[in-house]
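S.K.: Before I ask anything, here is the structure I am working with.
What follows is calculated from the coordinates using simple rules that are stated; it is not laboratory data. A quick note: this is a predicted structure, and the numbers were derived from the prediction, not measured. When we count neighbours, we look across all protein chains shown, and the Cβ atoms used for this are built from the backbone with ideal geometry, even at glycine.
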Amino acid sequence: MFIGFDYGTSNCAISVMDQGDAKLLPVHGDSCFIPSTLYALDRTLIVDAVLQNMPQDTALSTSFSEQRSQALNVARNTKKHLGIRDDEQTWFMGNEAIENYIDYPGEGWFVKSPKSFLGASGLLQGQVAFFEDIVTLMMQHTKRSAEAHAGATFTQAVIGRPINFQGVGGEQSNQQAIEILTRAAKNAGYREVEFFYEPLAAGIDFETGLQEDKTVLVLDVGGGTSDCSIVRMGPSYRDCDDRSKDFIAHSGVRVGGNDFDIDLNYKAFMPLLGRDSFLKNGLPVPSSYYANAAKINDIVAQGDFGSAKCAKEIVDLIRNAKSPELIRRLQTLQKNNQNYQLSRSAEQCKIALSEQAIHAVDLGYLEPGLTREVSASYFEQAVERPLRAVTDLLEEAIKQAGCKIDLVYVTGGSAKSPVLRRVIEEKFKGVPIVDGDYLGSVAAGLAKWADKIFR
């Protein structure tokens with residue numbers, strides 16, 4: 001049986017065809033969406049969890065055991081050292097992962113939006129295998145949950161992909177990410193895997209309801225990337241098997257909702273931790289510590305901030321700072337590995353400002369009583385960089401297409417921001433703007449595309 005699988009930066013979703021239409025399946029309890037987060041008691045245990053979730057004594061599990069023999073030995077030693085039983089759960093996904101991370105700061109291992117790292121440059125073979133295992137474990141969980149509700153086994157999948165994955169390696173980054181996703185999907189039990197651009201998938205889902213032909217600009221603003229496609233849609237096009245001529249233009253930037261959180265975090269919260277403060281010698285405290293802490297989508301930055309070297313340098317900063325009480329908050333953040341939690345506070349603030357003019361952010365996990373009020377106007381100024389990137393994205397797609405846009409279709413979890421909406425309305429004055437299912441449209445469109453190529 002085939003599915004459409006949206007392995008998103010922020011959430012994962014699976015959709016199947018049911019009586020001619022796409023239907024989302026529960027992937028965690030009764031929820032059709034699960035946050036793309038993972039928490040493990042120790043990072044070395046992830047490979048063991050992948051193997052445990054595979055059908056045992058099969059060619060797949062045998063091959064995986066051989067490929068990961070050294071990592072599996074490390075995992076066995078970790079379980080022995082920590083006193084973990086074989087039947088004890090060592091990992092959590094989604095909201096359970098977030099809850100464990102927040103409840104036990106400084107313990108375990110947590111990752112948010114692993115899709116953001118798949119195109120990173122300079123990854124060693126072991127690092128590629130590690131990210132492959134993270135993705136595999138998440139795919140195993142969602143696949144097993146959806147199969148239980150559908151009462152069927154899924155063997156074919158169309159997986160969504162952005163125009164460009166995050167990374168500075170261009171097409172090489174894209175190829176690396178696709179290879180990781182392909183191997184992970186095969187390890188999760190999908191025998192046939194195809195990929196399809198996420199904005200096109202969202203457009204195909206929308207096209208089902210169009211009563212007349214239109215040239216539609218589809219804007220998909222996700223957690224890690226923003227993608228734009230211009231597509232000819234409508235009754236004359238939707239039943240054609242070859243749609244290549246209908247896909248007029250594509251553009252994508254490695255900027256998404258996470259970047260709004262990162263910039264807000266850096267500009268609104270990091271000054272409370274000493275950014276823009278000074279040392280006793282009059283020099284500013286280096287901003288690199290704060291930039292690295294905020295960049296949750298940068299594997300190198302996160303590694304630098306979490307290192308023993310950084311911890312030692314922060315101790316020196318406290319000794320030499322004019323305002324050591326601020327730097328101690330940075331030390332708490334680094335010691336307890338709470339940079340993801342601070343980013344989550346920025347995300348929750350962003351969401352709250354969609355409905356209110358001012359939001360007070362509770363940062364008491366860094367210091368009792370610590371808060372920061374953020375206004376909607378301040379937020380708009382703080383996220384000027386990603387807003388400009390989305391504007392440039394739209395202009396690039398329009399330039400490629402060289403034709404009149406009849407309608408703008410907006411989707412993606414980060415597209416709900418009023419700030420972003422104003423940018424779109426300013427760019428397309430007089431053009432109808434339609435909001436899609438912000439979280440479910442990509443998965444639904446992927447299932448419809450799977451129906452075309454696998455049926």
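S.K.: Residues of the range 14-46 with backbone nitrogen within less than 15 Å of a virtual label 7 Å along the Cα-to-Cβ line of residue 152, please, listed as ranges.
M.R.: Label zone hits: 14-26.
S.K.: Kyte-Doolittle mean at least -1.0 and Cα extent at least 18 Å along the axis: which DSSP H helices of the chain qualify?
M.R.: Span-like helices here: 69-82, 125-150, 171-187, 308-320, 339-352, 384-401, 441-454.
S.K.: Can you list the lysines whose alpha carbon is less than 16 Å from that of residue 280, not counting same-chain residues fewer than 8 positions off?
M.R.: By straight Cα distance, residue 280 reaches 322.
S.K.: Roughly how many Å is it from the Cα centre of the range 93-114 to that of the range 384-431, as a whole number?
M.R.: 34
S.K.: Taking 0.36 nm per residue of separation and subtracting the Cα-Cα distance, what length does fully extending residue 31 through residue 80 add?
M.R.: Numbers: separation 49, 0.36 × 49 = 17.64 nm, distance 3.49 nm.
Full-extension gain reported as 14.1 nm.
S.K.: Fewest first, what order do 449, 91 take by the number of other Cβ atoms within 10 Å?
M.R.: Fewest-to-most ranking of 449, 91: 449, 91.
S.K.: Would you mind checking 295/427; 214/399; 112/335; 267/416; 115/429 for any pair whose Cα atoms are more than 25 angstrom apart?
M.R.: Table pairs above 25 Å Cα-Cα are 295/427; 115/429.
S.K.: I would also like to ask the following. Could you give the dipole magnitude of the chain about its Cα centre, charging the beta-carbon of Lys and Arg +1 and that of Asp and Glu -1, in debye to the nearest 20?
M.R.: The dipole magnitude comes to about 1160 debye.
S.K.: What is the Cα convex hull volume of the range 309-455 when expressed per residue in Å³?
M.R.: Spread over its residues, the Cα hull of the range 309-455 gives 205 Å³ apiece.
S.K.: Separate question: Quickly estimate the mean residue ellipticity at 222 nm for the chain, helices only: each DSSP H run with n ≥ 4 gives -39500 (n - 2.57), and the total goes over all residues, rounded to 500. Display every interim value, and only then the final one.
M.R.: Details: 17 runs with 202 residues, N = 455.
Result for the chain, helices only: -13500 deg cm²/dmol.
S.K.: Also, quick follow-up: Once you have the Cα-Cα distance between residue 400 and residue 237, take 0.36 nm times their residue separation minus that, and quote the gain in nm to one decimal.
M.R.: Between residue 400 and residue 237, full extension yields an extra 56.6 nm.
S.K.: How do 7-17, 118-128 rank on mean C-beta neighbours within 10 Å, highest first? Don't skip to the end; give the middle numbers.
M.R.: Details: 7-17: 25.2, 118-128: 15.5.
Ranking, from highest mean packing down: 7-17, 118-128.
S.K.: With every atom except the alpha carbons ignored, what do you get for Rg and Dmax of the chain, in angstroms?
M.R.: 22.7, 72
S.K.: Now for a different question. Taking residue 80 as the anchor, which lysines have their alpha carbon closer than 24 Å to its alpha carbon, excluding any fewer than eight residues away along the same chain?
M.R.: Filter leaves no residues.
S.K.: If you average 1/r across every pair of different Cα atoms in the range 69-121 and take the reciprocal, what Kirkwood value do you get, in Å?
M.R.: 13.3
S.K.: Calculate the translational D of the range 10-55 in whole µm² s⁻¹ from Stokes-Einstein, where the hydrodynamic radius comes from the Kirkwood formula applied to all Cα pairs, the temperature is 4 °C and the viscosity 1.567 mPa s. Display every interim value, and only then the final one.
M.R.: Values: Rh = 12.9 Å.
Reported coefficient: 100 µm²/s.
S.K.: If you project the alpha carbons of the range 258-377 onto their three principal axes, what span does each projection cover, largest first, in Å?
M.R.: Its Cα atoms span 43, 29, 24 Å along the three principal axes.
S.K.: Which aspartates and glutamates, if any, have their Cα less than 17 Å from the Cα of residue 245, not counting same-chain residues under 8 positions apart?
M.R.: Within the straight-line limit of under 17 Å, residue 245 reaches these aspartates and glutamates: 207, 213.
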